[in-house]
Amino acid sequence: MSSLDSFISYLSFEKNYSIHTLKAYQSDLDEFTSFCRQAFEISAIDDVSYALIRSWIVSLVDSSISNRSINRKVASLKAYYRFLQRIEKITTNPLAKHKALKTSKKIEVPFSELEMQNVLHQIVFKDDFEGCRDKLMIELLYTTGIRRAELMNLKLTAVDLNRNTILVLGKRNKERIVPLLPSTKKLFLAYFDKRKELIDVFDESFVFLTKAGVKIYETLVYRVINKYLSEVSSKVKKSPHILRHTFATHLLNKGADLNSVKELLGHSSLASTQVYTHNSIAELKKVHSASHPRNKK
């Protein structure tokens, strides 16, 4: 097995990365390998200089690729060299002192409370297996903030409706317990009743299945979210990640402690959670402007 194959296996089994993430890493590393072969006639990328890597970065900039995309590609390469250090194939990471290219801050707009109320209470979901499943998926993403991959990989044994909790397996195989709201528990019970009616079930251990009885896949989750949220929202981006963003923003807007939101989201550091605070600050500005006597006419 090549070093690159070993690295992808490491990300899959030890880091528990999603298929989508694994494909991104593979693509970035294949792209760099191709560049080394064509530009320098080098087929092995395990031991290259920073000067060579910088030439690749310059070529990406010249190709009008965004700085954000370039930083992601370089991050993939940096992670690969960290892995090679870990297995002692190299002693120094050529990207150890590399500084990321400057990027503009990307602000993602969450759904409003009204939009979420409308999608869960105004839309009529079909009273069949798929209707119950789709509504539970939206409810669970919004009320727990779990990632799309965490939803897809949720096991039946991880759902405890007696204690109203789910055990979520996140990035780097890190487990966390997330509480369920009564409304979510009710949808779980309805879905499980419909699930029992499936004729064939192949992926028995997983909570969310297709009508064919197999585990749900990434595009299905995205399609469900986009379909129903499009009925109540005109926002351009409608994805599972925006529901995670919405979960965090709504909690912070209601006064939730940043550390508590961090734990619920499964973040390893507060810095990751703080990206959601810009919306709660906007909410505070509204309250401040409406309430302070100096702003009264």
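Observations on the structure shown:
- So Arg172, is it assigned to a helix (DSSP H, G or I) and at positive phi: yes
- Restricting Asn162, Asn153 to those that are over 29 Å from Lys15 (Cβ atoms) and either surrounded by 12 or more Cβ atoms within 10 Å (Cβ to Cβ) or without any contact (Cβ under 8 Å) to a residue 12 or more places away in the chain (or both) reduces the list to Asn162.
- Here Glu139 meets the list (1) touching a residue at least 12 places away in the same chain (Cβ under 8 Å); (2) assigned to a helix (DSSP H, G or I); (3) out of contact with any Ser or Thr (no Cβ under 7 Å at 6 or more places or on another chain); (4) closer than 28 Å to Gln274 by Cα almost entirely, failing just condition (3).
- Candidate set from the stretch 210-234 (those that are touching an Asp or Glu at 6+ places or on another chain (Cβ under 6 Å) and touching a residue at least 40 places away in the same chain (Cβ under 8 Å)); member that is surrounded by the fewest Cβ atoms within 10 Å (Cβ to Cβ): Lys215
- Only residues that are outside any helix (DSSP H, G or I) and aliphatic (A, V, I, L, M) were counted in the stretch 210-231, giving 3.
- Number of positions in the stretch 69-88 that are without any contact (Cβ under 8 Å) to a residue 40 or more places away in the chain and of a type in the set (Lys, Arg): 3
- Filter result for the condition that a residue is surrounded by 18 or more Cβ atoms within 10 Å (Cβ to Cβ) and either touching a Gly at 6+ places or on another chain (Cβ under 8 Å) or of a type in the set (S, T, N, Q) (or both), over Ser59, Ser18, Ser63: Ser18
- Selection of the stretch 38-53 for residues being closer than 21 Å to Ala75 by Cα, free of Cβ contacts under 8 Å to residues at least 24 places away in the same chain and among the polar types (S, T, N, Q) yields only Ser43.
- Count of residues meeting criterion [in a loop (DSSP other than H, G, I, E, B), of a type in the set (A, V, I, L, M) and surrounded by 15 or more Cβ atoms within 10 Å (Cβ to Cβ)] in the stretch 175-209: 2
Bear in mind these aren't lab numbers, they're just calculated from the coordinates by the rules spelled out. Because the structure is predicted, anything quoted here is derived from the model rather than measured. Ideal geometry is used to build each Cβ from the backbone, glycine not excepted, and the neighbour counts take in all protein chains shown.
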